Amino acid sequence: MSATGFLSQLLQLAIALLLAPVLVGWVNQCRAWLSNRSAPPLLQPYRTIRKLFTKDAVVAENASWLFRMTPYIVFAAMALAAAIVPSLATDLPFARAADAIALVGLFALARVFAALAAMDIGTAFGSMGARREMFVGFLAEPALLMVLFTASLISGSTSLPTIVDTLAHREFAIYPSLAFAGVAFTMVSLAENARIPIDNPATHLELTMIHEAMLLEYSARHLALLEWASALKLFNYSCIGLALFLPFGIAEGSADWLAILGATPVLIVKLAVGGFALAMIETLSAKLRIFRAPEFLGTAFLLAVLAMLVNLMLGS
Amino acid sequence: MIEILAVLGVPVAGAALLALVGGRARAAEINVGVCLITFAGAVALTVRVIGEGPLLIASKLFFVDSFNVFLIALTAFVGLTTSIFSRPYMRIEQELGHLTPGRLRLYHSMFQLFNFTMLLALSTNNMGLLWVAMEAATLTTVLLISLYRTPASLEAAWKYFILCGVGIAQALFGTILLYFAAEKLLGAGGNALLWTELNSVKGALEPTVLSLAFVFLLVGYGTKVGLVPLHNWLPDAHAEGPTPVSAVLSGLLLNVALYAVVRCKVLVEGSVQTSFARTLMMGFGLLSVVVASLLLLRQKDIKRLFAYSSIEHMGIITFAFGMGGPIASFAGLLHMTVHSLTKSAIFFAVGHATQKAGTQLMDGIRGLVTISPLIGWGLAVGALAILGMPPFGVFASEFLILTTAIHEQPWATPLLLGALGISFAAIFSRVQPMVFGETTVKRLPHRPAMIPVFVHLGIVLMLGLWIPPFLADWYRQAARLIG
Amino acid sequence: MQHIPLWAQLINLLAAVLLLLAFAMLAQRRVLTLINLFAAQGFALASSTAIVAFATHQPHLYWSVGLTLVLKVMLLPWLLHRLILKLDVRWDVEGLINIPTTMLLGIVLVVFAFNLALPISQLANTVTRATLGIAMASVMLAFLMMITRRKAIPQVIGFLAMENGLFFAATSATYGMPMVVELGIALDVLVAMLILGVFFFQIREQFDSLDLQHLEKLKE
């Protein structure tokens, strides 16, 4: 466990926690630009979170310990995932304990607890949101696993830093399997992060909510943690995508901390471009009916499996 | 060279001519004339092959040996007799209002084109061209089957197109695999698909590729032969199209498709030293025989009845070729010839019988012999011939096949005997009330053409009693080739 | 991982695009888009043959490229478009089984096709031999499309797509068939299309619709 490794781990976690809300704010601003509207300021999500922390939490009388613990569990899971995904460097002490499959497991843990807490109170909207969230997650998880398996097949290991190392060192060539996997990954991350075309993050109609319905009962610090965790989830997915498909600029295994510091602006630029692309996709698509979600995610799964098969067949 | 030009070029020219004048009064006579010239060319080709042995014509593009020469002559002959039969038949159909002059034009020109594609498939040396000709044969008959524009005929034509199209696509893949295996030994370019070249290097071709290729080729061309379970198009196509088309489909196209299968089998056997190809052919053949004979019991339409009978007989022939050996292959070749002649004769008689009765349902046809003894007796004798009564030729070939089966594949013999028995009962019990008894049929406005029927049956009778030496010689040589 | 030349990478990419287009056709509901996808497939096919022709110095393949372009990218889609206009077809086609199940079946078929093609591609000596599995997979997917469709025109497009896959198989395993055979096949396809065009009108005249359920009355 080298000093640079420890440093890069801490830096990465700090950057994730700090930048996640800004990413959400940036996506909102791009969406507003593309719709020819004026957006809330870039740092508005910070203000929202700070405001929520200063309020008093109101909890329903029949809520159990699960309801109160869930925000902390979810936030912890997302923060841990942020620590594992190599966004700045590949020499991460924590990452030796977890690989791609454990990462998916972390996301699943967060999702399960959020769904259970939504059903804890017993309201109709909570249960409905929980059911829909599990439905989407059930369809999206295999696709995500397949994408990660494709990357693992190419690099020969499921450990994320190893994947990044191998992919970054390949000479520039056209890899159809990675292209397919990239499209599949985009579709999956749209579904998992409750973005159009699966879910509208700005909706106020409870009947159309999937992710928001699970947050309806929360207030104050609980809600702040959950909002922060959602932003972290988006940040994590973006970093996974960048690590798998655009791994240039990430500091290699035995780099010095100058390289790590240099990796930060590269990450910010990549995230900015990615956020703009996400806003573009959201503006150009319409929200699908919930019954069409299986088709959407089925296509993603299909593309991911195709990527794997094409890789097996063509060797690229 | 000139003979093959006549055999192939005359039908094409005839098709072009009939496309222009096929709706006029004399079109049927022109049709017969064109077929006559084609037949003359085929006879000349046959005489040449008798004299000189196997021929490679036009820089190896065509190859005529003992296996396909009699098939070429048979095709041209049955084409001729069918055109003679179709003359009064189509005239009656026109008067009954089932056909317009435009459709008659289509019918005549497509008939000649169909002849051309079959003769091309039989005489070509290039396996790729064989595929093209088979596909073209399918295409020329699609519109013929839907000639009457009834819902049933449209359905039959659509099924025919789709099922045979898919089957032929499998055969294309098999041909590609064949080319792929051959290219390594014979180099890229046209030579790698020539059957004569492939035959000379078949021992060195890659066995795995060839077995895979044979599966695709058997499934593909086997669809056109009507092997179960790929036979679904056959009863519909034969029942709904005009009777001359049923006659040539049953009598000729099935033979040509089986010819293609056997050519491929010869190549595969030389490369794969196991009995893989034979087992497959025996299996499909036996399945066809059994299933077809069982389905015969349920038929109510006379043309469908005889269509299933065609499936059964093609199954017997495939089984015979699958068994292999000199006697079985000889019997298979003989059966191909006599089945073709008998089945087309039956369809000629059936055609006029249905016209007399006004329906194709067997319950509606009764007592043919009272009004028209020729048609009645033609149908009765034809049915007896196809059922394997001695002394007709079908009995001889079935007898040879059964005795070989008892020797080599005893487990199959009870199945074969049972199936033949069932089909005998089914067909005989249906034909008997149709021919004899109280009559319900009327006279026809034109005289029916029964001469082709009796000519065919006469030849079949002769082949049952005595096979001309040159024919027997060809059968033996071809049997040796087939192995 | 050994170095693959650029043109082989391009061919691999085009093969993957071909497979993707086959799946897209399987899942597509609108007929107009189906025809455009078919044209795109033809274009991918022609491009891949052109690259092979350029890289392996076989000028006779350029004729094949031209034939494919004229027939499959221009003539056949144009015929189909005209047919649709005249028949006034505007369907949102529902297949026999729903789309996610069809896609899953498609994946199973792809795996099967890859397995089938593996021994053959090991024997081949062309540089594009790895794409033989993809060619077989697109043939099987087109076949699946034919089986699961209920209307006439998507079935026909499936048939043509099957022929596309076979053509790609020929190019990838053997650098194309002899020219005579290719011309014959092209002629067959064209004639088939023309005959089908006539045939569709007959069906429509009789049944007033092109739904194939009307064509299922004849049983044993």
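Rounded to the nearest Å, what's the spacing between the alpha carbon centres of the stretch B:67-118 and the stretch C:165-188? Just the number, please.
32
Quick check: Cα centre of the stretch A:262-293 to Cα centre of the stretch B:309-375, how many Å?
About 71 Å separates the Cα centre of the stretch A:262-293 from the one of the stretch B:309-375.
Taking only Cα atoms and a 10 Å spring cutoff, compute GNM fluctuations for chain A and point out the largest among A:Thr158, A:Thr123, A:Thr150.
Largest GNM mean-square fluctuation: A:Thr123.
Within 10 Å of each Cβ in peptide C:164-173, how many partner chain Cβ atoms are there on average? Round it to a whole number, please.
3
Kindly put B:Phe454, B:Phe67 in sequence by how many other C-beta atoms sit within 10 Å of each C-beta, fewest to most.
Numbers: B:Phe454 18, B:Phe67 23.
Least crowded to most crowded, the residues run B:Phe454, B:Phe67.
Looking at the square roots a ≥ b ≥ c of the eigenvalues of the Cα gyration tensor of chain A, which shape do they give, rounded for a/c under 1.5, prolate if a/b is larger than b/c, or oblate?
Here chain A falls in the prolate category.
Name all residues of the stretch A:287-316 having a backbone nitrogen under 20 Å from the label point set 7 Å from the Cα of A:Thr208 along its Cα→Cβ direction, giving them as ranges.
Within reach of a label on A:Thr208, which here means backbone N under 20 Å from a point 7 Å along Cα→Cβ, the stretch A:287-316 contributes A:287-297.
I'd like the FRET efficiency for B:Glu438 and B:Trp466, computed as 1/(1 + (r/R0)^6) with the beta carbon distance as r and R0 of 51 Å, rounded to 0.05.
With a Förster radius of 51 Å, E is 0.80.
Report the gain in length on full extension from A:Val104 to A:Val59: 0.36 nm times residue separation, minus Cα-Cα distance, nm rounded to one decimal. Kindly include the intermediate steps, with their values, before the conclusion.
Working: separation 45, 0.36 × 45 = 16.20 nm, distance 3.03 nm.
Result for the pair: 13.2 nm of gain on full extension.
Once you keep just the Cα pairs under 8 angstrom separated by 6 or more residues, what percentage relative contact order results for the stretch B:194-294?
42
In the stretch B:392-448, what GluC sites (Glu not before Pro) fall in a loop by DSSP, with at most 12 other Cβ atoms inside 10 Å?
B:Glu438
Which far-off residues, 5 or more places away or on another chain, put their amide H under 5 Å from the one on A:Ala251, with H placed in the peptide plane?
A:Ala89, A:Thr90
Expressed as a rounded percentage, what relative contact order does chain B have, with Cα pairs under 8 Å and six or more residues apart?
Numbers: 828 pairs, mean separation 73.3, N = 483.
The normalised contact order for chain B reaches 15 percent.
With 22 Å as the cut-off, how large is the P(r) tail for the stretch C:6-212, expressed as percent of Cα-Cα pairs?
I get 48 percent for the Cα pairs in the stretch C:6-212 exceeding 22 Å.
What ³J(HN,Hα) values, in whole Hz, does the Karplus curve 6.51 cos²θ - 1.76 cosθ + 1.60 give for the stretch B:433-444 when θ = phi - 60°, with x put for Gly and Pro?
x, 5, 8, 9, x, 4, 9, 10, 9, 10, 6, 9
Let me make sure I get this right: for the stretch A:211-316, a, b and c are the square roots of the gyration tensor eigenvalues over alpha carbons, sorted descending. Under 1.5 in a/c it's rounded, otherwise prolate if a/b > b/c, else oblate. Which is it?
oblate
Would you mind getting me the FRET efficiency between C:Leu194 and A:Ala124? Use the beta-carbon distance for r and R0 = 56 Å, nearest 0.05.
Calculated transfer efficiency: 0.40.
Suppose only helical runs count, i.e. DSSP H with n ≥ 4. What mean residue ellipticity at 222 nm does that imply for chain B under -39500 (n - 2.57) per run, divided by all residues and rounded to the nearest 500 deg cm²/dmol?
For chain B, the value works out to -26500 deg cm²/dmol.
Of C:His81, C:Thr68, C:Ala24, whose Cα points farthest to the positive end of the dipole of the stretch C:6-212 (charges on the beta-carbon: +1 Lys, Arg; -1 Asp, Glu; origin at the Cα centre)?
Of the options given, the answer is C:Ala24.
Going down the list B:Lys202/B:Lys224; A:Lys287/C:Lys86; B:Lys224/B:Lys300, which pairs span over 32 Å between their C-alpha atoms?
On the way: B:Lys202/B:Lys224 25 Å; A:Lys287/C:Lys86 35 Å; B:Lys224/B:Lys300 24 Å.
Table pairs above 32 Å Cα-Cα are A:Lys287/C:Lys86.
With a cut-off of 8 Å between alpha carbons and a minimum separation of six or more residues, what is the relative contact order of the stretch B:215-273 in percent?
Relative contact order for the stretch B:215-273 comes out at 39 percent.
Which of C:His57, B:His335 comes first, and how do the rest follow, when ranked by fewest Cβ neighbours within 10 Å?
C:His57, B:His335
For the stretch B:71-141, which chymotrypsin sites (Phe, Trp or Tyr not before Pro) pass both filters: DSSP loop (anything but H, G, I, E, B) and at most 15 other C-beta atoms within 10 Å?
Qualifying residues, ordered by number: none.
Provide a whole-number value for the mean count of partner chain Cβ atoms within 10 Å of the Cβ atoms in peptide A:175-188.
Per-residue shielding by partner chains comes out at 2.
As I understand it, the value is the acute angle between the Cα axis of helix A:160-169 and the longest principal axis of the Cα atoms of chain A; what does it come to in degrees, rounded to 10?
The angle comes out near 50 degrees.
Rounded to the nearest 10 degrees, what's the angle between the helix B:101-123 long axis and the longest principal axis of chain B, both from Cα atoms, 0 to 90?
30
Per-residue Cβ counts within 10 Å, from other chains only, averaged over C:176-188: what number is that?
Per residue, the number of nearby Cβ atoms from other chains is 6 on average.
What ranking of A:Met214, B:Met362, B:Met462 emerges when the number of other C-beta atoms within 10 Å of each C-beta is taken as an exposure proxy, fewest first?
Starting with the residue having the fewest Cβ neighbours, the order is B:Met462, B:Met362, A:Met214.
Please give the helix B:302-323 orientation as an angle from the longest Cα principal axis of chain B, in degrees from 0 to 90, rounded to the nearest 10.
20
For a Förster distance of 56 Å, can you work out the FRET efficiency between the beta-carbons of B:Ile50 and C:Val70, rounded to the nearest 0.05?
0.75
Please compute one quarter of the surface area of the Cα convex hull for the stretch C:108-177 and express it in square nanometres. Before the final figure, lay out each step's value.
Values: hull surface 17.9 nm².
Across all orientations, the stretch C:108-177 yields a mean hull projection of 4.5 nm².
From the square roots a ≥ b ≥ c of the eigenvalues of the alpha-carbon gyration tensor of the protein assembly as shown, which class results: rounded (a/c under 1.5), prolate (a/b over b/c), or oblate?
Working: a/c = 2.80, a/b = 2.20, b/c = 1.27.
Prolate.
Can you work out the Karplus-derived ³J(HN,Hα) for every residue in the stretch A:286-300? Use 6.51 cos²θ - 1.76 cosθ + 1.60 with θ = phi - 60°, whole Hz, and x for glycine or proline.
10, 6, 7, 4, 4, 6, 8, 4, x, 5, 4, 6, x, 4, 4
Which of the peptides B:291-303, A:281-293 is most tightly packed, and how do the rest follow, judged by the mean count of other Cβ atoms within 10 Å per residue?
Put in order of decreasing packing, that is B:291-303, A:281-293.
Collect residues whose amide H, placed 1.01 Å from N in the peptide plane, falls under 5 Å from the amide H of B:Phe62; neighbours closer than 5 in sequence don't count.
Placed amide hydrogens put B:Ile57, B:Asn125 under 5 Å from B:Phe62.
Quick check for me: using +1 on Lys/Arg Cβ and -1 on Asp/Glu Cβ, what's the dipole size of chain C about its Cα centre, in debye to the nearest 20? Kindly include the intermediate steps, with their values, before the conclusion.
On the way: 13 positive and 11 negative charges, 47 e Å.
With only Lys, Arg, Asp and Glu charged at Cβ, the dipole is about 220 debye.
I'd like the trypsin sites (Lys or Arg not before Pro) in the stretch A:1-91 restricted to DSSP loop residues with at most 15 other Cβ atoms within 10 Å, sorted by number.
Working: sites: A:Arg31, A:Arg37, A:Arg47, A:Arg50, A:Lys51, A:Lys55, A:Arg68; in loops: A:Arg37, A:Lys55.
Qualifying residues, ordered by number: A:Arg37, A:Lys55.
State the Cα centre-to-centre distance between the stretch B:268-294 and the stretch B:410-483 in whole Å.
First find each Cα centre; the distance between them is then 24 Å.
Once label points are set 7 Å from the Cα along Cα→Cβ at both B:Thr196 and A:Arg289, what is their separation, rounded to one decimal in nm?
With each label placed 7 Å out from Cα toward Cβ, I get 6.6 nm.
Values in this text are rule-based calculations from the coordinates and carry no lab data. Note that the coordinates shown come from a computational prediction; the quantities given were computed from them, not determined experimentally. Because the Cβ atoms are built from the backbone with ideal geometry, glycine has one as well, and the counts that use them run over all protein chains shown.
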